[in-house]
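So the structure is just underneath, and the comments pick up after that.
Read the figures in this text as sums done on the coordinates, not as results from a lab. Everything quoted here is computed from the prediction, not taken from an experiment. FYI the Cβ positions are ideal-geometry reconstructions off the backbone, even for glycines, and counts take in every protein chain you see.
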Amino acid sequence: MQFPPTRSKSLQRFRLSRWLQERGLNVEGQLRLIQWLLPLTLTGIVLIDEIKEHILEKHELLFSENFLIEVTFFGLIGPTAVWLVLYWVRGVWQEREDDRRLLQKMYNELAEAQERLTALHVQRGKLVDRLMTVQEDERRRLAREIHDELGQLLTGLSLNLKVCQEAVPQELEAVHQHMARINTLIRHTIDQTHHLIVGLRPIVLDDYGLLPALQEELHQRLDPLDIDVHLETNGSFEHLPPAVTTAVFRIVQESVTNIIRHANAHHVYLSLSCSTEELRVTIEDDGVGIPEPQPLNGDNRQRLGILGMQERAAALGGRVEVSRRQPYGTQVQVWFPLKREEVEAA
Ligand SMILES: Nc1ncnc2c1ncn2[C@@H]1O[C@H](COP(=O)(O)OP(=O)(O)OP(=O)(O)O)[C@@H](O)[C@H]1O
Ligand SMILES: [Mg+2]
């Protein structure tokens, strides 16, 4: 960290001072030297002058009263006063120098702490990115397995039941009733399995891409609640990097959860715009609006939804901002940078 120029630096501008410093005499040493040299020089000059005046010109005795008085006053008291003033100046300088050194030390420690913090922040970002990738891979694997294994089994069960229903004579009414109930249970289980798969990782996201997956997500969750969905797109979304696709899907998913839970909205507007440089997504609702930030009020419940969205975006160099929408409702703005090569390579 660059420390502002100091007095000692400005002193370096004097050539003599620099010359002395180069010979190992620092500013403190120079001040000490002046403190002694100046009074002694004064005493010497006074002595020579007094000897010249009293002894050579006035032909007085060597230690005459006048001589002693003037030498004591001008050659001893005067230089002592100069010495004391310089002593005081050196003390003040020393105090300021101590302050400056302390400040410099603090600046250095701060700079080091800032560097460490930046490194930790980068590390944390990488860790979050890795965690989310692992989590998504695991969810994808589970969703596929449930879909392929459990889904097939349930379909097989349903088909076999149908064969049984056809084979059992109509007179056995009680058996038919049981089988109808089993059929209903199987249908119910198939629906639950489908929800579970979609919750884990919508296969449509991997198979058909971001837009169909978002449409399905919005309609499946908001239509039953009579919330109108408005979708607006601009640009092509087919070649987005998979990590960005997943992040956008998850962010919209959490925003929809928040709308269902907190907004009491009638309309939801989703807009996506993609260029070669960036992807912008806005999710808006016309509900009650996100509350203004509240001071801590003893409500210790962790709210992780918005934080999670922001972490997801930050791990990919993006940003999420949640704000109140005018005149009412909430607005979630998402931004991701896209590198041209990355988009083309995906
Ligand atoms: N669309 C919205 N409309 C109104 N309020 C909202 C909306 N989205 C978020 N909020 C407010 O912001 C708060 C924080 O949301 P966040 O998603 O971080 O946490 P949460 O939904 O309360 O809990 P969770 O951690 O389970 O997501 C919510 O408690 C809610 O008060
Ligand atoms: Mg939430």
Original post:
Gain in length, Thr193 to Leu127, computed as 0.36 nm per residue apart minus the alpha-carbon separation, to one decimal in nm?
Top reply: 20.6 nm
**OP:** Throw me the Rg/Rh for segment 7-125, computed over C-alpha atoms with Kirkwood Rh, two decimals.
**Re:** 1.36
**OP:** Only Cα pairs under 8 Å and at least 6 apart count here; give the relative contact order of the chain as a rounded whole percent.
**Re:** 12 percent
Original post:
Taking N as the number of residues in the chain, what value does Rg over Cα atoms divided by 2.2 N^0.38 Å take?
Top reply: 2.09
**OP:** Using just the helices of the chain, give the 222 nm mean residue ellipticity in deg cm²/dmol: DSSP H runs with n ≥ 4 each add -39,500 (n - 2.57), and the total is spread over all residues, rounded to 500.
**Re:** -20500 deg cm²/dmol
Original post:
Taking other Cβ within 10 Å of each residue's Cβ, how do Met106, Met179 sort, fewest first?
Top reply: Met106, Met179
Subject >> Options Val89, Leu103, Met309, ranked by Cα towards positive dipole end of the chain, top entry (Cβ charges) >> reply: Val89
Original post:
Sequence-distant or interchain residues sharing an amide H contact under 5 Å with Glu278, placed H: which?
Top reply: Leu338
**OP:** Rounded to the nearest 10 degrees, what's the angle between the helix 27-50 long axis and the longest principal axis of the chain, both from Cα atoms, 0 to 90?
**Re:** 10 degrees
Original post:
What percent does the relative contact order of segment 7-125 come to when contacts are Cα pairs within less than 8 Å and at least six residues apart?
Top reply: 26 percent
**OP:** Sort Tyr87, Tyr269 so that the residue with the fewest other Cβ atoms within 10 Å of its own Cβ comes first and the one with the most comes last.
**Re:** Tyr87, Tyr269
Subject >> Helix 151-167 vs. the chain, principal-axis angle (Cα, 0 to 90°, nearest 10) >> reply: 10 degrees
Subject >> Table column - 3J(HN,Hα) (Hz), segment 327-338, Karplus curve with 6.51, -1.76, 1.60, x for Gly and Pro >> reply: x, 8, x, 10, 10, 10, 10, 10, 9, 10, x, 10
Original post:
Looking only at segment 138-178, which residues have a backbone nitrogen under 19 Å from a spot 7 Å from the Cα of Leu185 in the C-beta direction?
Top reply: 150-166, 168, 173-178
Subject >> Label-to-label distance, nm, for residues given as Ile55 and Leu25 (7 Å Cα→Cβ offset) >> reply: 3.0 nm
Original post:
Which order, highest average first, do 315-321, 152-158, 170-176 follow once you tally other Cβ atoms within 10 Å for each residue and take the mean per peptide?
Top reply: 315-321, 152-158, 170-176
**OP:** At 0.36 nm per residue, minus the direct Cα-Cα distance, what do Tyr107 and Tyr208 gain on full extension? Give it in nm, one decimal, please.
**Re:** 30.9 nm
Subject >> Cα centroid separation, segment 86-122 to segment 166-201 (Å) >> reply: 76 Å
Original post:
What angle do you read, to the nearest 10 degrees and between 0 and 90, between the alpha-carbon axis of helix 210-222 and the longest principal axis of the chain?
Top reply: 70 degrees
**OP:** Among the lysines, select those whose C-alpha is under 30 Å from the C-alpha of Lys105, and discard any that sit fewer than 8 residues away in the same chain.
**Re:** Lys9
Original post:
In what sequence do Ser255, Ser17 fall when counting other Cβ within 10 Å, fewest first?
Top reply: Ser17, Ser255
